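What follows is a single structure, written as structure tokens, with notes after it.
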Amino acid sequence: AAENRDLNSLLQILARATAKPVVVHDDAGVLMAQIYPTVTRGGSSNNRRGGRALLQSLPYGAFQNWLGREAPSIDGTIVASPLGFTTVLKVEKRVAGYLSLVSPDDVLDEFERLVLVYGAEVCAIELAKSRAIAFAVEQARGDWVQMWLSGTPADDDMMATRAQQAGFEPETQYIVAVFRAVTDSGASLPLESLLPLVRDDMARRQVNGAVGQYVDMIVTLYPLPNPEKTLRVREMVDEVRQQLATRTPSGLVAAGISRPATGLVALRESYREAKDAVSIANELDDREKTTYYGDLKLFQLLLALKERNLVQLRAFYMETLGPRVEHDERRQGDLVRTLNGFFKANGNLAKAANDLDVHRNTLVYRLEQISRLTELDLNDADNRLILHLALKIQRVLATLPET
């Protein structure tokens with residue numbers, strides 16, 4: 001009777017057989033489906049009413065908290081849970097979710113036990129089928145993302161048809177988010193094992209986006225039908241980044257988020273924004289952080305200058321800060337670090353000395369050295385702006401590939 005049925009149809013069979021509500025959660029404890037019985041068993045409606053009342057009165061998060069402590073992990077094992085009785089659903093030896101029979105009773109009779117055991121096997125098969133279909137769809141979507149970014153802007157019109165076939169909506173705003181995993185030394189880690197996790201998360205949240213890999217980053221497109229949801233999307237991306245970090249040897253996973261945009265042409269620029277957000281954060285020594293490009297402010301201007309007038313940007317840096325960097329490298333000095341500390345402390349000498357772990361007189365001496373070498377008086381606000389800007393440019397230039 002259960003062959004070729006979807007998950008809800010299978011749960012209806014189980015609920016009808018036991019006359020009790022049946023619930024399925026995913027592996028993270030997020031509700032996937034719940035079915036109430038339409039008939040009673042044994043001529044009594046007490047179980048049905050009791051199960052419904054239990055389900056409706058259960059505090060939010062109670063089942064998830066219980067999973068964190070006592071989740072079943074062996075096939076065929078049924079344990080008492082806040083819902084009643086719960087067993088595990090496994091797909092390819094991995095926990096895919098949990099099947100629960102909602103009951104206020106303390107005892108599970110033999111018939112109900114059989115229904116849960118065999119019902120779990122059939123539901124697991126259906127979950128496997130659903131995931132295979134979802135994976136195929138997302139794989140197709142990921143393929144077009146890779147093809148799109150591998151091409152040129154001239155190819156975007158041709159790619160639009162392929163993207164729409166995969167579910168992309170040209171009139172909808174999207175946010176581009178990228179994820180990059182690295183070792184402690186900064187080398188990129190393989191992403192093959194992480195891609196399915198991002199796809200699963202998007203499917204679980206019922207987000208009609210796209211996931212793909214391009215070079216050393218996972219690239220995702222999150223639809224934004226309502227601009228007010230921007231903050232929620234940013235929170236989602238950070239939640240995914242934290243999940244990926246638990247699956248990498250180093251735990252160093254960074255995420256970059258673009259500003260919202262519409263259409264493939266504009267989203268190509270959004271991809272660059274997300275990528276630059278990760279690069280800048282890396283230079284700021286934030287290799288395990290989610291960075292929103294819209295928060296970079298000054299760096300947005302410098303990145304735009306980098307794209308349009310890199311020669312002058314480099315010239316400005318070399319004329320102001322370049323000699324100080326060479327001085328430090330030649331003499332193993334701390335002038336650039338001192339300047340950074342001075343600006344981070346907003347010019348407060350006592351705080352800067354404390355942060356740099358040096359005596360105040362040492363700090364003053366180094367700042368005098370900087371003024372002498374740059375021929376810029378740090379008591380002048382314009383000169384301070386020039387040097388502060390040069391430090392920011394140094395970090396932007398560091399994102400360029402070595403030549």
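Restricting the search to segment 231-252, which residues are assigned to a loop (DSSP other than H, G, I, E, B) and without any contact (Cβ under 8 Å) to a residue 12 or more places away in the chain?
THR246, the sole residue that qualifies.
Output yes when any residue across segment 151-173 is buried (at least 20 other Cβ atoms within 10 Å of the Cβ), in contact with a helix residue (DSSP H, G or I) (Cβ under 6 Å, 6 or more places away or on another chain) and of a type in the set (D, E, K, R), and no when none is.
Within segment 151-173, not a single residue is buried (at least 20 other Cβ atoms within 10 Å of the Cβ), in contact with a helix residue (DSSP H, G or I) (Cβ under 6 Å, 6 or more places away or on another chain) and of a type in the set (D, E, K, R).
Just name the residue that is nearest to GLY119 (Cα to Cα) out of those in segment 14-30 that are of a type outside the set (Val, Ile, Thr) and in a helix (DSSP H, G or I).
Step by step, filter segment 14-30, then rank; the result is LEU14.
Taking ARG272 as the residue in question, decide whether it is part of a helix (DSSP H, G or I), more than 24 Å from THR183 (Cβ to Cβ) and not polar (S, T, N, Q).
yes
Which condition does LEU363 not pass, out of (1) in contact (Cβ under 8 Å) with a residue 24 or more places away in the chain; (2) in a helix (DSSP H, G or I); (3) surrounded by fewer than 17 Cβ atoms within 10 Å (Cβ to Cβ), if it passes all the others?
(3)
For segment 177-207, enumerate the residues that are over 12 Å from ARG247 (Cα atoms), of a type outside the set (Asp, Glu) and in a loop (DSSP other than H, G, I, E, B).
THR183, SER185, GLY186, ALA187, ARG205, GLN206, VAL207
For segment 64-96, which residues satisfy the criterion of being on the phi > 0 side of the Ramachandran plot and assigned to a strand (DSSP E or B)?
GLY84
Being buried (at least 19 other Cβ atoms within 10 Å of the Cβ), over 29 Å from PRO153 (Cα atoms) and within 13 Å of the chain's Cα centre (by Cα) narrows it down to one residue among VAL240, VAL219, VAL198, VAL211; which is it?
Sole residue among the options that is buried (at least 19 other Cβ atoms within 10 Å of the Cβ), over 29 Å from PRO153 (Cα atoms) and within 13 Å of the chain's Cα centre (by Cα): VAL240.
As an exercise: evaluate LEU349 against (1) of a type in the set (A, V, I, L, M); (2) closer than 16 Å to ARG324 by Cα; (3) surrounded by fewer than 16 Cβ atoms within 10 Å (Cβ to Cβ) and give the number of the one condition it does not meet.
Status for LEU349: all satisfied but (2).
Only one residue in ALA281, ALA266, ALA255 is in contact (Cβ under 8 Å) with a residue 40 or more places away in the chain, assigned by TED's automatic domain parsing to the domain that holds ALA187 and either among the hydrophobic types (A, V, I, L, M, F, W, C) or surrounded by fewer than 18 Cβ atoms within 10 Å (Cβ to Cβ) (or both). Which one?
ALA255
The values are calculated or read from the model by the stated rules, or taken from the named source; none is laboratory data. Because the structure is a prediction, the values reported are computed rather than measured. Methodologically, a virtual Cβ is constructed for each residue, glycine included, from the backbone with ideal geometry; neighbour enumeration extends over all protein chains shown.
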